[in-house]
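Presented below is the structure to which this report refers.
The values are calculated or read from the model by the stated rules, or taken from the named source; none is laboratory data. Computed from a predicted structure; not experimentally measured. Ideal geometry is used to build each Cβ from the backbone, glycine not excepted, and the neighbour counts take in all protein chains shown. Side chains are part of the model used for accessible areas, which takes the heavy atoms of the whole protein and leaves out ligands, DNA and RNA. Shrake-Rupley method; radii C 1.70, N 1.55, O 1.52, S 1.80 Å.
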Amino acid sequence: MSLTARLDRLTLSRPHYKLLLIGGLGYSFDGMDGAVVAFLLPRIQELWGLSNASLGLVGSAAPLGFFFGAILSGWMGDRFGRKKVMLWALAFYCLMSVIAAMAPNFEVFLIARIFAGLGAGAESVIIAPFLSEFIPPKRRGWFIGTLAGFFSFGFVGAALIGRFMVPMGEDGWRWAQVVTAIPILLLLWWRRSLPESPASSSAVAAC
């Protein structure tokens, strides 16, 4: 019996719920990053004297990057392995978030937000198929639906950051982005805890 068949016959247990938590935390930070920008706009408009058109660019920067990251992640996951792409995408997102937090001007901030969105898009899209390969088919729909529900925690987190952190001072908006980069800490956990999925390993071996 193949490893994939053996995984499909398992019942949900503690390791599966651990996968749900690991993936869900990633989705929570993705949701936080997407929502927190709304609380940054008034600060950066005042700081750099931005027009409404420029603010619109800021609001659409991360979704634009997300689009291209999502397109690339599937192919890259099949080519290099889903776990590897997921980890590198998350690291790239965190790096770009820190650069955005330290941005000296609007142009650097905008570019960093686009690339942060690219990393978030690659990580978000690939995490569901990656983790679902460890879940029995009969519970896979429940697992993916619950996984997506973690986005809502990110929205709540963004609201709390916007309420308490952004107004703290002139650099409150910068620290808010540093907080959204915290998932870099998950890299150590993921790298130690997660194996490469069987399907992804087979695809990489065939390439």
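Looking across region 72-92, just one residue is touching a residue at least 40 places away in the same chain (Cβ under 8 Å) and closer than 21 Å to Ala35 by Cβ, and that is Leu90. Taking every residue in region 124-136 that is in contact (Cβ under 8 Å) with a residue 12 or more places away in the chain and over 18 Å from Ser193 (Cβ atoms) and pairing it with any residue that is open to solvent by less than 20 Å² (accessible area, probe 1.4 Å) and not basic (Lys, Arg), at least 6 positions away or on another chain, the pairs with Cβ-Cβ distances below 6 Å are Ser124/Asp30; Val125/Ser73. Of the numbered criteria (1) surrounded by 15 or more Cβ atoms within 10 Å (Cβ to Cβ); (2) over 21 Å from Pro15 (Cα atoms); (3) at pLDDT below 85, the one Ala206 fails is (1). Taking Ala103 as the residue in question, decide whether it is at pLDDT below 95 and hydrophobic (A, V, I, L, M, F, W, C). When the stated conditions are applied, Ala103 does not pass them. Cβ-Cβ contacts under 6 Å between residues 6 or more apart (or on different chains), taken from a first residue in region 93-120 that is in contact (Cβ under 8 Å) with a residue 12 or more places away in the chain to a second residue that is of a type in the set (Lys, Arg) and assigned to a helix (DSSP H, G or I), are listed as Ala100/Arg113; Ala101/Arg174.
Kindly indicate whether any position in region 136-143 is buried (at least 18 other Cβ atoms within 10 Å of the Cβ), assigned to a helix (DSSP H, G or I) and out of contact with any strand residue (DSSP E or B) (no Cβ under 8 Å at 6 or more places or on another chain). Looking for residues that are buried (at least 18 other Cβ atoms within 10 Å of the Cβ), assigned to a helix (DSSP H, G or I) and out of contact with any strand residue (DSSP E or B) (no Cβ under 8 Å at 6 or more places or on another chain), one finds at least one in region 136-143, hence yes. May I ask you to list the residues in region 54-90 that are of a type in the set (A, V, I, L, M) and under 23 Å from Gly172 (Cα atoms)? Within region 54-90, Leu55, Leu57, Val58, Ala61, Ala62 meet the criteria.
Just one of the listed residues (Phe92, Phe39, Phe80) is within 12 Å of the chain's Cα centre (by Cα) and of a type in the set (Phe, Trp, Tyr), namely Phe92. For region 149-169, a tally of residues being open to solvent by 50 Å² or more (accessible area, probe 1.4 Å) and within 20 Å of the chain's Cα centre (by Cα) returns 6.
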